[in-house]
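Quick one: the structure is below, and I'll ask about it shortly.
The values are calculated or read from the model by the stated rules, or taken from the named source; none is laboratory data. On a predicted model such as this, the values are computed, not experimentally measured, just so you know. Cβ coordinates were reconstructed from backbone atoms using ideal geometry, including for glycine residues, and neighbour counts include every protein chain displayed.
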Amino acid sequence: MLPGDRSGDAGPSALASRSRRSFLHLLGLSGATAVAGCSSSQGDGTSDETHYVDGTSTGTQTLNFLSVNDTPSANRIQLVLDGAYAITPEQEIFPLWADISTDEGRVYTVELRDGLEWGADYGSMTAEDWVYMITEVFQADSNWANYPTPGEWQRAGEPIPVEKTGRRTFEVRLPEPDPAFPLRPVLWGAFCMPKGLIEQYRPAEDQEGLAQDEAVQTLAYAGNLGPYTFERWERGSSFVATRNEEYYLREVDDVPDEWQNAPYFDSYTYRVVPEESTRLSALRSGELTATDLPASRVEQFEGLDDVAVKVFPQAYMTSLIYNQRANGSFYEALRKPAVRRALAHAVDKRQIVEDVRRGYATVAHTFQPTFSKWYADEAVRELGVGETYSHERARELLRDNLDGTPYRYEGDRVVDDADEPVTLDLVFAQGSQPIQTIAELVAQEYDAVGIDVELTGKQYGSIVEQHLYNSWQGDGDPPWDAGPYNGGPRDQSVSSRPWDLILGITFNTYPRTPTSIRGFSVRRGGTNFYGYHPETDFASLFETASSTVDEAERRAALAEVFGALSVEQPFNFLHMGVEIVGYDSAIRGPEETFGYSWDRNTWRLDGA
Amino acid sequence: MGLKWYTARRVAWAGVAAFVILTVTFVLLDYAPDPELARIQFRAAATGADAETAAEAYAERRGLTGPLWERYLEYLGNLATGDWGWSDTRSQPVLTAILTALPYSLMYTVPAVALSTVLGIAIGLYSAFNQYTTTDYAATFVAFFGVSIPNFWFGIVLLLLFAVQLGWVPVLFDAELARTRPLSLANARQLVLPVFVLGTSAIASTMRYARAEALEYVRAAFVKAARAKGASEWRILTRHVLRPTLVPLSTILVGDLLGIILSASYLVEVVFGIPGLGRLSLEAIRRQDTALVLGTTLVPVLVAVLGNLLQDLAYALLDPRIDYGDR
Amino acid sequence: MTDPPAAPRDSLLHVEDLRTRFHTDAGTVTAVDGISFDLDDGETVCLVGESGSGKTVAAESLTRLIDDPPGEIVSGTVRFDGRDLATASEAELRAVRGDRIAHVFQNPQRALNPVYSVGWQLLEAIQLHDDVSKADARARAIDLLDRVGIPDPATRIDDYPHELSGGMQQRVAIAMALAGEPDLLVADEPTTALDVTIQSQVLRLLESIQSASGLGLLLVTHDLGVVAEVADRVVVMYDGTVMERGSVHDVFERPSHPYTRALLDAIPGRDVDLTPTAARDVADRDPSSATDSTTGCRFRSRCPHAVDACREGDQPPLHPTPDATTSAPDGARAHVAACVHFGPDGDPDVVVDSAKSADSGASADESAGGDRR
């Protein structure tokens, strides 16, 4: 998840864990609504007051970050809690509450600032609070607080040792070196709760009590820890925070001036508007300062004086996934990289980007966006564009490589060994018109090379249940089990319903910490639901990349990974998405880069 | 006395109906697949964590462990003591969530219902008296327009016209304003469109029913007799025709209006962004917030049951020919 | 179709050439096509005719109770108390209705509003024309109920119509009609919907009321027995027009028009069947031709004495019958019949003679009229 990410849990596709880079984005008090003819609905009367009203389609369910860490809740919490530190677009650490440093990438020292005060009489923020939270909540055996991703504080099944080394310092001692650790959404943007608050519920493991605690739900403990303070939360309607005069960053010297004078708005509001057209109308009328724009409406808004449209690159990739497990009707062929490469020649990625996504996407060829610093152009093989988009070539390659499979060309069509035309089942995620269109396009393209495709639209949850989950069907226990998405070897661990192609599940490509994609690319990967057996030894490549401190070595290893992936084509990498946001034209601050919201604190109104 | 016993019986029946509905809802909810669970599991798997643990943690947190009947009994017990549960998706007690959302819903449904009923009956009666005149056709046209046009589309279009183009009303519904100054002019401004949209869909059926019923009486002998007595047309309309028309009308009023409100209100609330009961229950269902779904199911059940009771009483009171003692 | 010009006497009600039309999907129907008659204080006039003759429409046209649309009073005068009701304003009409002219309808069950008590409806009748207090009005209502013979009126006043028997309901309806102390009571088949045993009671009631208060009574009926019992004068209608008119003695003893004669002959056992049926009405009156294009006498298709002259021109005007000069003065009180045989070129004997043999039967009928049913 990216900062300021509004798609949150609303779309059918987000699979990756949410990083909370967005929190800072949200915190970044960006320009206020009012100015230049737009009227603000927040704040009445004085035109000196500036208010930022952020329009979203879904509200948040809770403010208890120990039990829920999805984007909407994180967005709101970030207004009043800065989090440990931020990451700049250049992938530098920007300390907020704390600085994190390491010698060799194995032991990390976290040092908290002086002067961080909790609210509600919980005293100062100390290392004790952090260590308590990590060890008694995230690493608790029973996971009594129902933290959704306790695994992030574990390595090889064991909790990562975390120890207090001073009043305001603690150490995280990884078993293996991991130079990219600060960039992982573990400590990056991490929130904290006072020990005094948690320990009321810890001994009894009272998750309900914790969740229902008023201090938790009103963020009363936020003190001076964030640019705003909680004002009110009207469920399903608005979340309002007002300028925090005590904000700790004001007293700090090692941040640029613009951060010290933050925030530049008197209040920041999240406004829930479920109906898209209403939300967009509110942007036009000036009642909202910013909100997401669908690609189909960009043209309409670009012409307006009061609205500035900005397009931010994202790290989410849409792919066409092949079923290589034994319950497809083409799997024997799909298991061959050459066949997959052939199929990649058949689908026109440019058309998808230009026509279906109206240009608001970028073509993908491997499991990384091109803007990633680890992307290696030379290594990556491009298929499905220009010369490598060709139905004849696809046919040719297919013809050549269907040997050894039960399939062959009978005239124009691909048939199986019973001389029946092969029909592939393409399951796509309902709820998104572009996805449906892409599915239809794929069906057409495949038809042009002689393969029939049948389309079925399903709800996201159903796709997960019926096609992603797979389990061992053989006798006894599976030889190995990597979780519900990879219940064992691909010949016997299959999903409850057959499928051949899936479209609409998007993957996070982790441009900051690419080793996180390991689970997609190794045989026993936790997310390898499609039964892919790599020919390249990705496991050791990832090993190298994640453990070495030598940047050049890491780069080389990752380049090899992405190159190999583009050649092996575990699935057809189609395109990377973008986030399109419409802002009040008077807002200064957002830059059209990946990770743009990290400095949201410093956004302001023109002339402010 | 006949009326007391009658009322008591109706109330008891209401309790039975509510119980049945609650049980069915509870069981259905239990069997529905949960996409949130799927998401959590996948997320866990993607980060290399144990998806099973995450699933269990989720089940724990949402109180989904234990046999069905046990959980249901516990729920019923709490219900009786006023503890309607905690809504995970709202992070507040269910009762609070409902009571917070209720005023917003009332703010636009009550005026809409009142207006559409009064106007519907008035126009219906007028149409009956002036059948086949231009006004009658115009009224019928307006009524059918209102009921045929999709509410959400209508709302969006009106918003575009009156809020964006003309700026006469705000685009967004300000819940805080509605909560703190419900009777102010500003609140009225932001409620005009939702009331209008909901009202136009409700007015049609009331109008047509009223017209049909009144037509039966317009040519009735007793109307002629009243005219022969020297009663004015107005008196005939309001005293002689209205009252018997109301009798059958009241039987459909509650059911009809409830249907419109419960179904149309979702759309109206989504389009205008009003945090009312409609959205509350819809989102509760979507997010599988069991306690909240049950709570928000209970509310319309109670309203329906109460409404039917009132309707039966009204019917019995309005028409002296009904004898409720022996039923 | 005009009368010998009527000298406007001081009759209570003077109807002249009244025409009422209905505009229906099937065409325009002239239900009342030019009728004229008079009614004096204290007098009982009966409008007689079979179903479809237009008598009800005529009765309702007097105070314009006809539903307008689709009905419409096209022409004619209804002079009451110096005013022409046919052209009076709504306000004037409302003042007359109930207060001066009251109506009693055929089906008492339907003429009473089922959701209001008897008392409420009586009070309305009273208070519409009299500014009295509720208590006074109620007292008067109870008194009225007593007058019409409702037992225990103080209790029954709060009853609802459905709690009363048919006969009682009709009495209540009469009480309502009397509430305004009208000068003229128009009763449209007041006994037809009632039990046989109740019918005579109600008639008696009407008679006693009339003799007590001296009001005029216009009684619409198809029952000749009723006519014989209560009428002073008779107006025989057929197909929207007056066929014969005169005092009850004249018309019953010396029925002139072939239609009247046929009516009086219609005693159970005789051949001629004038029992109205729906099918017959349709057959007899062809709506497509409408009355606008009637040629000749309306009765000619059923008339045993029809001649060529009957098929030409308009409906024959009302000619004085042979006994007219002897029975009553000229004008509205004369015994007249709308038949060519009684005109200047006709020979009354054509009609009268052939029926002479049946005359004795007719006379006997008259005397037995009261107990016919």
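From the list B:SER201, B:SER184, which one is farther than 15 Å from B:VAL268 by Cα, of a type in the set (S, T, N, Q) and out of contact with any Pro (no Cβ under 6 Å at 6 or more places or on another chain)?
Working: B:SER201 fails: farther than 15 Å from B:VAL268 by Cα.
Among B:SER201, B:SER184, only B:SER184 is farther than 15 Å from B:VAL268 by Cα, of a type in the set (S, T, N, Q) and out of contact with any Pro (no Cβ under 6 Å at 6 or more places or on another chain).
Which residues, taken from the stretch B:59-108, are away from chain A (no Cβ under 11 Å), within 28 Å of A:GLY59 (Cα to Cα), in contact (Cβ under 8 Å) with a residue 40 or more places away in the chain and of a type in the set (Ser, Thr, Tyr)?
B:TYR75, B:SER105, B:TYR108
Okay, residues lined up against (1) at pLDDT 90 or above; (2) part of a helix (DSSP H, G or I); (3) acidic (Asp, Glu); (4) over 30 Å from A:GLU302 (Cβ atoms):
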site	(1), (2), (3), (4)
A:VAL347	yes, no, no, no
A:GLY359	yes, no, no, no
A:THR362	yes, no, no, no
A:HIS365	yes, no, no, no
A:TYR375	yes, no, no, no
A:GLU378	no, no, yes, yes
A:ARG395	yes, yes, no, yes
A:LEU398	yes, yes, no, yes
A:GLY404	no, no, no, yes
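Among (1) farther than 25 Å from B:ARG243 by Cα; (2) crowded, with 17+ Cβ neighbours inside 10 Å, there is one condition B:GLY124 misses while meeting the rest; what is its number?
(1)
Could you please give the count of residues in the stretch C:62-84 that are within 13 Å of chain B (Cβ to nearest Cβ) and either surrounded by 17 or more Cβ atoms within 10 Å (Cβ to Cβ) or part of a strand (DSSP E or B) (or both)? Walk me through how you get there before you give the answer.
Filtering the stretch C:62-84 for residues within 13 Å of chain B (Cβ to nearest Cβ) gives C:62-71.
In the following step, the residues that additionally are either surrounded by 17 or more Cβ atoms within 10 Å (Cβ to Cβ) or part of a strand (DSSP E or B) (or both) were identified as C:62-66, C:71.
Counting residues in the stretch C:62-84 that are within 13 Å of chain B (Cβ to nearest Cβ) and either surrounded by 17 or more Cβ atoms within 10 Å (Cβ to Cβ) or part of a strand (DSSP E or B) (or both) gives 6.
Got a sec? Which strands (runs of 3 or more DSSP E) wholly within the stretch A:39-141 have at least 3 residues that are among the acidic types (Asp, Glu), in the same structural domain as A:PRO185 (by TED's automatic domain parsing) and within 19 Å of the chain's Cα centre (by Cα)? Please lay out each step first, then the result.
Working: elements: A:51-56, A:85-87, A:93-95, A:98-102, A:107-112.
Result: empty, no element qualifies.
Then there is this: Need the failing condition index for B:ALA291 against (1) under 21 Å from A:VAL273 (Cα atoms); (2) within 13 Å of chain A (Cβ to nearest Cβ); (3) over 13 Å from the mean Cα position of the chain (by Cα); (4) hydrophobic (A, V, I, L, M, F, W, C), just the number.
Checking B:ALA291 against (1) under 21 Å from A:VAL273 (Cα atoms); (2) within 13 Å of chain A (Cβ to nearest Cβ); (3) over 13 Å from the mean Cα position of the chain (by Cα); (4) hydrophobic (A, V, I, L, M, F, W, C), the one that fails is (1).
Can you spot a residue in the stretch A:184-204 that is farther than 19 Å from A:VAL68 by Cβ, within 14 Å of chain B (Cβ to nearest Cβ) and aromatic (Phe, Trp, Tyr)?
No, there is no match, as no residue in the stretch A:184-204 is farther than 19 Å from A:VAL68 by Cβ, within 14 Å of chain B (Cβ to nearest Cβ) and aromatic (Phe, Trp, Tyr).
Among the residues of the stretch C:54-61, are any of a type in the set (A, V, I, L, M, F, W, C), within 13 Å of another protein chain (Cβ to nearest Cβ) and surrounded by 17 or more Cβ atoms within 10 Å (Cβ to Cβ)? Break it down stepwise before answering.
Here is the first cut: in the stretch C:54-61, the residues of a type in the set (A, V, I, L, M, F, W, C) are C:57-59.
Of the ones still in play, those that are also within 13 Å of another protein chain (Cβ to nearest Cβ) are C:57, C:59.
In the following step, the residues that additionally are surrounded by 17 or more Cβ atoms within 10 Å (Cβ to Cβ) were identified as C:57, C:59.
Yes, the stretch C:54-61 has at least one match.
Given the criterion within 29 Å of B:TYR72 (Cα to Cα), within 13 Å of chain A (Cβ to nearest Cβ) and in contact (Cβ under 8 Å) with a residue 12 or more places away in the chain, identify the matching residue among B:LEU282, B:LEU267, B:LEU258. Working first, answer last.
Details: B:LEU267 fails: within 29 Å of B:TYR72 (Cα to Cα); B:LEU258 fails: within 13 Å of chain A (Cβ to nearest Cβ).
Going through B:LEU282, B:LEU267, B:LEU258 in turn, the sole match is B:LEU282.
Step by step: first the residues of the stretch C:109-126, then only those that are in contact (Cβ under 8 Å) with a residue 24 or more places away in the chain and more than 9 Å from chain B (Cβ to nearest Cβ), then the one that is farthest from the chain's Cα centre (by Cα). Which residue is that?
Per the stated criteria, the residue is C:GLY119.
For the stretch B:216-237, give me each residue that is among the aliphatic types (A, V, I, L, M) and at the interface with another protein chain (Cβ under 8 Å from one of its Cβ atoms). Walk me through how you get there before you give the answer.
As a first pass, look at the stretch B:216-237 and keep what is among the aliphatic types (A, V, I, L, M): B:218, B:220-221, B:223, B:225-226, B:228, B:231, B:236-237.
Within the stretch B:216-237, B:ALA220, B:ALA221, B:ALA225, B:ALA226, B:ALA228, B:ALA231 meet the criteria.
Mind telling me which of the residues A:VAL422, A:VAL414 ends up being touching a helix residue (DSSP H, G or I) at 6+ places or on another chain (Cβ under 8 Å), in the same structural domain as A:HIS365 (by TED's automatic domain parsing) and of a type in the set (Val, Ile, Thr)? Don't jump to the end; show me each part of the working.
Details: A:VAL422 fails: touching a helix residue (DSSP H, G or I) at 6+ places or on another chain (Cβ under 8 Å).
Criteria check complete, one pass: A:VAL414.
Next question, about the same structure. Counting only residues that are in contact with a His (Cβ under 7 Å, 6 or more places away or on another chain) and part of a helix (DSSP H, G or I), how many does the stretch A:441-457 have? Steps first, answer last, please.
Keep residues of the stretch A:441-457 that are in contact with a His (Cβ under 7 Å, 6 or more places away or on another chain), which gives A:448-449.
From what is left, the residues that are part of a helix (DSSP H, G or I) are A:448.
Number of matching residues: 1.
Can you tell which of B:LEU191, B:LEU183 is farther than 30 Å from A:ALA290 by Cβ, away from every other protein chain (no Cβ under 14 Å) and surrounded by fewer than 23 Cβ atoms within 10 Å (Cβ to Cβ)?
Working: B:LEU191 fails: farther than 30 Å from A:ALA290 by Cβ.
None of the other options fit; the residue is B:LEU183.
Going residue by residue through the stretch B:245-256, is there one that turns out to be under 28 Å from B:LEU159 (Cα atoms) and assigned to a helix (DSSP H, G or I)?
Here is the first cut: in the stretch B:245-256, the residues under 28 Å from B:LEU159 (Cα atoms) are B:256.
Those still in the list that are assigned to a helix (DSSP H, G or I) too: B:256.
For the stretch B:245-256, residues under 28 Å from B:LEU159 (Cα atoms) and assigned to a helix (DSSP H, G or I): present.
Next question, about the same structure. Of all residues in the stretch C:161-210 being under 28 Å from C:PHE80 (Cα atoms), among the polar types (S, T, N, Q) and part of a loop (DSSP other than H, G, I, E, B), which is nearest to the other protein chains (Cβ to nearest Cβ)? Show your work before the answer.
First, the residues of the stretch C:161-210 that are under 28 Å from C:PHE80 (Cα atoms): C:170-192, C:202-210.
With among the polar types (S, T, N, Q) added as a condition, the list becomes C:170, C:191-192, C:208, C:210.
Filter again for part of a loop (DSSP other than H, G, I, E, B), leaving C:191-192.
Numbers: C:THR191: 16, C:THR192: 13 Å.
Looking at the filtered set, the residue picked out is C:THR192.
Shifting gears a bit: Give the residues of the stretch A:494-513 that are within 28 Å of A:ALA439 (Cβ to Cβ) and within 14 Å of chain B (Cβ to nearest Cβ), sorted by residue number. Walk me through it before giving the result.
Step one: filter the stretch A:494-513 for residues within 28 Å of A:ALA439 (Cβ to Cβ), giving A:494-511.
Within the stretch A:494-513, A:SER495, A:SER496, A:ARG497, A:ILE502, A:GLY504, A:ILE505, A:THR506, A:PHE507, A:ASN508, A:THR509, A:TYR510 qualify.
Which of (1) closer than 23 Å to A:SER566 by Cα; (2) free of Cβ contacts under 8 Å to residues at least 12 places away in the same chain does A:SER462 not meet, given it meets every other one?
Failing condition for A:SER462: (1).
Each row is one residue, and each column tells you yes or no for (1) surrounded by 18 or more Cβ atoms within 10 Å (Cβ to Cβ); (2) in the same structural domain as A:ARG555 (by TED's automatic domain parsing).
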position	(1), (2)
A:ARG284	yes, no
A:GLY303	no, no
A:LEU320	yes, yes
A:PHE330	yes, yes
A:VAL347	yes, yes
A:ARG350	no, yes
A:GLY359	no, yes
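Also, quick follow-up: Give the residue that is nearest to the chain's Cα centre (by Cα), with candidates limited to residues of the stretch C:233-258 that are among the hydroxyl-bearing types (Ser, Thr, Tyr) and either within 17 Å of C:PRO322 (Cβ to Cβ) or not assigned by TED's automatic domain parsing to the domain that holds C:PHE342 (or both). Quick ask: steps written out before the conclusion?
Residues of the stretch C:233-258 among the hydroxyl-bearing types (Ser, Thr, Tyr): C:238, C:241, C:247, C:256.
Still in the list and also either within 17 Å of C:PRO322 (Cβ to Cβ) or not assigned by TED's automatic domain parsing to the domain that holds C:PHE342 (or both): C:247, C:256.
On the way: C:SER247: 14, C:SER256: 20 Å.
Once the filter is applied, the top-ranked residue is C:SER247.
Further question: I'd like to verify a number: residues in the stretch A:240-253 that are assigned to a loop (DSSP other than H, G, I, E, B) and within 30 Å of the chain's Cα centre (by Cα), how many?
Step one: of the stretch A:240-253, the residues assigned to a loop (DSSP other than H, G, I, E, B) are A:244-247, A:252-253.
Within this subset, residues satisfying the condition of being within 30 Å of the chain's Cα centre (by Cα) are A:244, A:247.
Residues meeting the conditions: 2.
Take the stretch B:246-255 and flag every residue that is more than 10 Å from every other protein chain (Cβ to nearest Cβ) and either crowded, with 20+ Cβ neighbours inside 10 Å or touching a helix residue (DSSP H, G or I) at 6+ places or on another chain (Cβ under 7 Å) (or both). Outline the logic, then answer.
Filtering the stretch B:246-255 for residues more than 10 Å from every other protein chain (Cβ to nearest Cβ) gives B:248-255.
Answer for the stretch B:246-255, where residues must be more than 10 Å from every other protein chain (Cβ to nearest Cβ) and either crowded, with 20+ Cβ neighbours inside 10 Å or touching a helix residue (DSSP H, G or I) at 6+ places or on another chain (Cβ under 7 Å) (or both): B:PRO248, B:LEU249, B:SER250, B:THR251, B:ILE252, B:LEU253, B:VAL254.
Any idea which residue in the stretch A:205-242 is nearest to B:THR100 (Cα to Cα), counting only those that are within 11 Å of chain B (Cβ to nearest Cβ) and hydrophobic (A, V, I, L, M, F, W, C)?
Taking the stretch A:205-242 and keeping what is within 11 Å of chain B (Cβ to nearest Cβ), we get A:205, A:207-214, A:216-218, A:231-238, A:240.
Pick out the ones that are also hydrophobic (A, V, I, L, M, F, W, C) and you get A:210-211, A:216, A:233, A:240.
Numbers: A:LEU210: 22, A:ALA211: 19, A:VAL216: 20, A:TRP233: 12, A:VAL240: 17 Å.
Among those that are within 11 Å of chain B (Cβ to nearest Cβ) and hydrophobic (A, V, I, L, M, F, W, C), it is A:TRP233.
Going by what's in this entry, would B:ARG208 be described as of a type in the set (Lys, Arg), at the interface with another protein chain (Cβ under 10 Å from one of its Cβ atoms) and under 23 Å from B:TYR126 (Cβ atoms)?
Against the criterion (of a type in the set (Lys, Arg), at the interface with another protein chain (Cβ under 10 Å from one of its Cβ atoms) and under 23 Å from B:TYR126 (Cβ atoms)), B:ARG208 does not qualify.
Return yes or no: is A:THR318 touching a strand residue (DSSP E or B) at 6+ places or on another chain (Cβ under 9 Å) and either more than 14 Å from chain B (Cβ to nearest Cβ) or assigned to a loop (DSSP other than H, G, I, E, B) (or both)? Spell out the reasoning first.
On the way: touching a strand residue (DSSP E or B) at 6+ places or on another chain (Cβ under 9 Å): yes; either more than 14 Å from chain B (Cβ to nearest Cβ) or assigned to a loop (DSSP other than H, G, I, E, B) (or both): yes.
Here the answer is yes, as A:THR318 does meet what is asked.
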